[in-house]
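Encoded as structure tokens, the structure appears first; notes follow it.
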Amino acid sequence: MTKIRFRQPIFRDGKFYKWNYWGFINDGSFVNPVLSLKINMEEAKKDSQQFTDLYDRNGKEIYEGDIVRWPHLPDYPPEIIRWVQKDCGYYGEKKDGSPGSWIDKGCEVIGNIWESPKLLEEDK
């Protein structure tokens, strides 16, 4: 069964601070996103990233916004995980915005767009 779960980046002084996990968590309860005077529910949803219900080669959960690489393809550049509405699935997006690979358990999460955006600047 798919786990409906999101992670929301929390910022302090304009910099990433930590994650708030919300949604329908493992026991079926609903946990709310963090709201403050500066952010409302729509803004919280906009920045939040959904769990793909997929795990990488090391068993790590894969979320939208994660940066992945393909260890068996060392010359292939890192990609950002995105949702494709028309295909109802997740794929990697190259740093130029073009579609990359469909995501499966062969990829490895190496970071995400909030904590480690410089990973996308690497050309390996």
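Below, the figures for the structure above:
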{"quantity": "Any hit, the stretch 15-31, residues being assigned to a loop (DSSP other than H, G, I, E, B), closer than 19 Å to Gly65 by Cα and modelled with pLDDT of 80 or more", "calculated": "no"}
{"quantity": "Test: residue in the stretch 64-81 that is surrounded by 12 or more Cβ atoms within 10 Å (Cβ to Cβ), closer than 17 Å to Phe11 by Cα and touching a strand residue (DSSP E or B) at 6+ places or on another chain (Cβ under 6 Å)", "calculated": "yes"}
{"quantity": "Every residue from the stretch 102-118 that is part of a loop (DSSP other than H, G, I, E, B), more than 21 Å from Pro9 (Cα to Cα) and in contact with a strand residue (DSSP E or B) (Cβ under 9 Å, 6 or more places away or on another chain)", "calculated": "Ile103, Asp104, Lys105, Cys107"}
{"quantity": "Residue ID - modelled with the lowest pLDDT, chosen from residues in the stretch 46-86 that are outside any strand (DSSP E or B), farther than 12 Å from Glu108 by Cα and in contact with a Phe, Trp or Tyr (Cβ under 8 Å, 6 or more places away or on another chain)", "calculated": "Tyr76"}
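The values are calculated or read from the model by the stated rules, or taken from the named source; none is laboratory data. Predicted, not measured: the structure shown is a model, and the values here were computed from it. With ideal geometry, Cβ positions are generated from the backbone for all residues, glycine too; neighbour counts draw on all protein chains shown.
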